[in-house]
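Note sheet for the following structure.
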Amino acid sequence: MFLPKTTDAWVTKGTTGLDNLVFESGRPLPAVEDHDVMVKFHGASLNYRDISILTVGMANILLVNKTRQ
């Protein structure tokens, strides 16, 4: 069976902001060991919490959630 050596990925290059989200092609995949499983994704999406973390930062989200308790 053919296992890929690289993948494409969306990665963040900073702490906040959608401008820091960049697409990288050809990122190396780690080797699959005896007890590992490689899963092929055909699609993915961001939910509202992912967007919030990118736009305002995780520390601000935790602070807001704590003040609501």
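How do the pairs read when you match residues in segment 40-61 that are under 12 Å from Leu18 (Cβ atoms) with residues anywhere that are of a type in the set (S, T, N, Q) and at pLDDT 75 or above, using Cβ under 8 Å and keeping only pairs 6 or more apart or on different chains?
Leu54/Thr12; Leu54/Asn20
Determine, yes or no, whether Ala9 is touching a strand residue (DSSP E or B) at 6+ places or on another chain (Cβ under 8 Å), open to solvent by less than 80 Å² (accessible area, probe 1.4 Å) and modelled with pLDDT of 85 or more. I'd like the intermediate steps shown before the answer.
Numbers: touching a strand residue (DSSP E or B) at 6+ places or on another chain (Cβ under 8 Å): yes; open to solvent by less than 80 Å² (accessible area, probe 1.4 Å): yes; modelled with pLDDT of 85 or more: yes.
Considered against the rule, which asks whether it is touching a strand residue (DSSP E or B) at 6+ places or on another chain (Cβ under 8 Å), open to solvent by less than 80 Å² (accessible area, probe 1.4 Å) and modelled with pLDDT of 85 or more, Ala9 comes out as yes.
Let me confirm something: among Arg27, Arg49, which residue is modelled with pLDDT under 85 and open to solvent by 80 Å² or more (accessible area, probe 1.4 Å)? Steps first, please.
Working: Arg27 fails: modelled with pLDDT under 85.
One residue alone meets the criteria, Arg49.
The values are calculated or read from the model by the stated rules, or taken from the named source; none is laboratory data. Predicted, not measured: the structure shown is a model, and the values here were computed from it. Don't worry about glycine lacking a Cβ; one is built from the backbone with ideal geometry, like all the others, and counts go over all protein chains shown. Heavy atoms of the whole protein, side chains included, go into the accessibility calculation; ligands, DNA and RNA do not. Shrake-Rupley method; radii C 1.70, N 1.55, O 1.52, S 1.80 Å.
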